[in-house]
Structure formats: structure tokens, C-alpha cells
Amino acid sequence: MNDPQQPRLTPIDEWEDEAAAMLDGVEYDTDLGLRMARDAIRVSNGELSDAEFHEKYHEELLAEFGEDERPTKPEGFDDD
Amino acid sequence: MTNYGLVIDQERCIGCQACAVSCKQENNVPMGQFWNRVLTEGGDKIDTPSGGYPEDGGSGSLDMEYQPTACQHCENAPCVKVCPVNATYTRDDGIVEIDYDKCIGCRYCMAACPYNARVFNWDEPEQMPEEGTGDVAARPQGVVEKCTFCSHRVDEGLDPACVVNCPADARIFGDLDDEGSTVSKYINEYETDQLLEDRGTNPKTHYLSGEMSPGRPQTSDKMESELDDVSPWSDGAEDVPSDADGSDSSDSGGSPHSIEGDAAPHVPAVGSGGDD
């Protein structure tokens with residue numbers, strides 16, 4: 001892990017490596033975290049809607065964490 | 001609705017790290033961690049400066065570029081969208097916060113933050129002194145933490161510690177949704193940028209460069225009530241950017257963190273009692 005941990009700006013072409021390093025050793029699914037991080041930026045810049053993002057990862061999050069409490073849940077979304 | 005934001009005048013910033021230190025003290029930030037720091041360009045590390053002093057009193061000058069960086073409190077915050085347990089959330093006033101009781105330490109938010117603004121408590125946090133500092137309880141091992149815009153102070157009508165303690169008055173905090181607030185006036189009056197705008201996160205921290213602003217001419221309401229003097233180097237109204245239409249903004253309701261009409265900029269007098 002990078003040390004010290006402090007706010008900094010990472011060139012976008014180095015971001016994935018840095019994100020992977022942040023998740024290194026985490027007791028949860030690293031690949032899921034990386035994919036969600038990538039798509040969360042796509043949501044921010046309008047390439048993906050909140051609803052699409054929520055639906056895309058809902059099942060995986062339930063499997064990994066046993067819950068999905070993200071605020072991206074669209075109205076009327078069936079949690080089951 | 002209130003929507004808090006920050007303007008940082010990079011022409012005024014002198015890279016003194018007072019914001020970083022005061023943040024660390026106010027928020028009881030553990031040893032080895034920073035929520036707020038000042039980056040520089042050209043040094044061996046990202047926060048070490050390069051360059052030199054002018055030689056022999058010549059015409060040269062030391063020109064440093066400082067990039068104060070912390071949580072940007074994004075409107076479209078990727079960190080909020082990836083948190084599976086909703087520990088990271090956006091308050092009604094726009095401040096992005098973490099519920100440390102909910103945080104499970106998955107670090108997905110850290111991976112999603114384009115500004116690397118979050119830190120993880122790998123070990124049991126150590127404070128110096130051991131009992132901690134400031135007005136915020138220590139966070140436990142295994143959670144992610146970050147800048148809160150000093151929400152505990154904002155809730156009391158005070159500006160964040162980094163704003164109050166900036167000796168260059170380079171930080172201006174207030175309500176972005178209030179056209180009469182100083183932050184709104186500065187964003188309208190001066191050229192400002194947001195970090196990594198291409199990522200669409202719409203940070204609530206705006207960086208002012210190219211032309212030096214008057215800086216932070218107004219403290220929060222509570223501090224101002226404790227002041228009985230105005231800045232000795234200010235003669236008043238011309239220090240404050242005028243409204244775009246030239247109208248008086250005294251109808252803004254006198255909200256915290258805003259300039260009242262033609263009110264003269266205030267600077268806390270030494271020994272005025274402080275705000276803590």
C-alpha cells in the first residue's frame with residue numbers, strides 16, 4: 001500500500017494500478033471493487049445511469065456483502 | 001437548499017501547510033494520515049517544493065505552484081455510489097460524510113475516488129497526544145476516513161478549520177446555492193476550475209487562479225459576532241466583488257458564510273477569542 005496515504009492526484013493512466021493497490025488484501029472481492037469504481041466514474045460523467053449501475057451490480061453485491069444499500073436504487077426496484 | 005462549497009484561491013496560497021496541520025488537529029487525524037494537504041510540483045515527492053530563492057537580490061522570483069487537495073465533496077460522488085452499506089453518503093447540505101459505525105472497510109470508495117482523498121485505518125489509530133486533539137472522536141481501526149468540511153463546526157455556524165486558519169485568507173467557504181454568498185460571488189466573478197472536470201464528478205471545491213481575489217473577507221456568523229473591528233488594511237466595499245447586476249445583496253437573508261451587502265471584509269483580530 002502506498003504510504004503515506006494522503007490526498008493526491010493520480011494521472012488517469014495510472015489510476016487503475018493505484019486503485020488495485022488500494023484494494024490489495026481486502027477481504028472482499030477486489031475485482032468487483034475495481035469494476036464498480038470504473039463504472040461509478042462512468043455514472044458521474046453520464047455514460048451510465050444510476051439505475052443501470054445499480055442493476056448491474058446488485059446481485060454481485062448481495063452475494064458478496066449480503067446487502068445492497070446503495071443510494072442508486074431506482075424507484076420500484078425489486079430487491080429480490 | 002444549502003449546498004456547501006469551497007473556493008481556494010491558488011494565487012493567494014503560500015503553501016504553508018497551515019490548512020493541513022489545522023485539519024489534522026481539529027479532526028483528530030491519526031499519525032501518518034492526512035485528510036488535507038498541499039501538493040507542489042517539481043520536488044522529489046508530490047508535496048516537496050522545487051526551485052530556489054532569487055540570487056543576489058536579482059530580479060528573479062520564487063514561483064511555486066501549490067495545489068491544496070482534500071475531499072472535493074463531489075455532487076456526483078463515485079464513492080457514494082459504490083458503498084454497499086451506505087456508510088458514505090451525501091448530507092442534505094451537500095457535504096459527503098462517512099458513518100463510521102456502518103463502514104465495513106471494503107475500501108471500494110477509496111478505489112472509486114479520483115482524488116485519492118480517503119485514507120484507511122490499517123492499524124489502531126495513534127494520536128499525538130494520546131488522548132487526541134480537536135473536537136472529533138477518533139475513528140476505529142478498519143474504517144475509511146476523510147475530510148468532512150468540518151461538518152461539526154459547520155453545524156455550529158462556523159467555517160471549517162482549514163478556512164479559519166489559512167493565514168493567506170485563500171480559502172472561502174459557504175453556500176453555493178446562495179447567490180449572495182462569498183463563494184458564489186467569487187465563482188461568478190473570477191475564473192475558477194474544478195479538479196478532473198472530465199470525470200463529471202462536479203466537485204464542490206473550486207480553484208481560483210489567474211487573478212488574485214480579496215480572499216476570505218468574512219468569517220462565519222458566530223465568529224463575526226465576536227469581532228469588533230474590521231481589517232486595518234481594508235477600506236471596505238471595493239474589496240468585495242460586486243453583484244453581477246450591481247444590486248445590493250442585503251436581501252440574501254444574512255446566511256452564514258456570506259457577505260451582507262456592502263459590508264466591509266472582516267479579519268479576525270489577534271486574540272479576539274477565536275472560535276473553538
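The values are calculated or read from the model by the stated rules, or taken from the named source; none is laboratory data. These numbers were taken from a predicted model, which means no experiment stands behind them. Using ideal geometry, Cβ is built from the backbone for each residue, glycine included, and neighbour counts are taken over all protein chains shown. In case anyone asks, the SASA skips ligands and DNA or RNA and just uses the protein heavy atoms, side chains included. Shrake-Rupley method; radii C 1.70, N 1.55, O 1.52, S 1.80 Å.
Computed from the C-beta positions of B:Glu11 and B:Lys45 and an R0 of 35 Å, the FRET efficiency is 0.90 to the nearest 0.05. Sequentially through the range B:89-101, phi angles give Karplus couplings (6.51, -1.76, 1.60; θ = phi - 60°) of 8, 9, 5, 4, 9, x, 6, 8, 10, 10, 8, 5, 6 Hz, Gly and Pro residues having no value and appearing as x. Scoring A:35-48, B:147-160 by mean Cβ neighbours within 10 Å over their residues and listing the highest first yields B:147-160, A:35-48.
Taking both sides together, the accessible area buried where B meets A is about 3300 Å² for a 1.4 Å probe.
Annotation: amide H-H contacts under 5 Å for B:Thr192 (H modelled 1.01 Å from N, sequence separation of 5 or more, or interchain): none. Of the listed pairs A:Lys56/B:Lys146; A:Lys73/B:Lys185; A:Lys73/B:Lys24; B:Lys102/B:Lys146, which have alpha-carbon separations greater than 26 Å here? From A:Lys56/B:Lys146; A:Lys73/B:Lys185; A:Lys73/B:Lys24; B:Lys102/B:Lys146, over 26 Å: A:Lys56/B:Lys146; A:Lys73/B:Lys185; A:Lys73/B:Lys24. Tell me, what is the FRET efficiency for B:Met1 and B:Asp155 to the nearest 0.05, using R0 = 25 angstrom and their Cβ-Cβ distance as r? The formula returns an efficiency of 0.95 here.
Of the GluC sites (Glu not before Pro) found in the range B:77-147, those that fall in a DSSP loop while having at most 14 other beta-carbon atoms within 10 Å are B:Glu126, B:Glu130, B:Glu131. Taking the range B:1-40 and a reference point 7 angstrom along Cα→Cβ of B:Glu124, the backbone N atoms nearer than 15 Å belong to B:31.
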